[in-house]
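See below for the structure under consideration.
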Amino acid sequence: MTQLDPERLPEELQQEMAPPSHPGTVPPEKQRGPVVLRRGQVQETTTDQRLLDTRGSSDWVHTDPWRVLRIQSEFVEGFGLLAEVPRAVSVFGSARTKPGSPAYVVGEQLGAALARDGWAVITGGGPGAMEAINKGASQAGGVSIGLGIELPFEQRLNDWVDLGVNFRYFFVRKTMFVKYAQAFVVLPGGFGTMDELFEALTLVQTKKVTSFPVILYGRSYWGGLIDWLKESMLPNGMISATDLDLIQVSDDVDEIVAIVRHSQTTRYGDAEI
């Protein structure tokens, strides 16, 4: 069966699609921005991959202007959706966190505590720790936001996202995490979580954002990283001693909420809290 060109307009998805191989089974499905692809139309690559891939024909030169417009549209969509969101905290953590695990329970508690204190929560909208945060906030009556991303493997916005948008490009999504949040809280996670953590620290260190606390939950999990920063990166002159002060670590949900609140009180005064 012929696959559609990934860069064609959504209207072309109206071409004939192969029937499911077995009635009643769930066909393979992938979301590409607002477009849903199923069965033989599922693409093996993502929009990010095609943008960054330098192999093959140079025909990509002629399609980049269209990609620029698509990137622009993602910024417009994100800004339009989030512009009127109340004060918010971006929370990161592993998609592999299991429901019912201690880290998942902490996520639920943190999401609920932030919501009760008047904060919206922003997550990557996926499963695991992200789902736990969204669930806790939603159940507590708060604003639960999820910013999804197109990935090579199947992933959808979790059921506890009340306000969500899917992005094709990581850099657009990351802008939304920073622009509409007043703090970052980081739960235990892997490469993606580390990426988000160090991007946040870099933005604070270079004063691209100000009065922006970065809080790690779990001393036992993050302790090795903190020790490495102190014992390797600092002595080699790669960071300064004051850079270490940008990171706060806590094992207490209520303390994290208090840190976030104090940061905003310091920046705006009681009128904003």
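FYI, it's all coordinate maths here, none of it is from the lab. Just so it is clear, the model here is predicted, and its values are computed rather than measured. With ideal geometry, Cβ positions are generated from the backbone for all residues, glycine too; neighbour counts draw on all protein chains shown.
Couple of notes before you dig in:
- Cα pair distances exceeding 23 angstrom across the stretch 114-273, given as percent: 40
- Against the compact-protein benchmark of 2.2 N^0.38 Å, the Cα-based radius of gyration of the stretch 132-173 scales to 1.23.
- Inter-label distance, nm, simple model (7 Å from Cα along the C-beta direction), Lys98/Phe170: 2.8
- Other residues whose C-beta falls under 15 angstrom from the C-beta of Glu84 contribute a net charge of 0, scoring Lys and Arg +1 and Asp and Glu -1.
- Inter-label distance, Val76 to Ala241: 5.2 nm, where each label sits 7 Å from its Cα along the C-beta direction.
- 19 Å Cα-Cα reach of Lys179 towards lysines, excluding residues that sit fewer than 8 places from it in its own chain: Lys207, Lys208
- Nitroxide proxy distance, nm - points 7 Å out along Cα→Cβ at Gln109 and Lys179: 3.5
- Estimated FRET transfer efficiency (Asp251, Phe153; beta-carbon r; R0 30 Å; 0.05): 0.40
- Per-residue extension of 0.36 nm, minus the Cα-Cα distance of Arg67 and Asp53, leaves a gain of 3.7 nm for this segment.
- Note on Glu231 and Arg267: with the Förster distance fixed at 25 Å, the Cβ-Cβ geometry gives a FRET efficiency of about 0.15.
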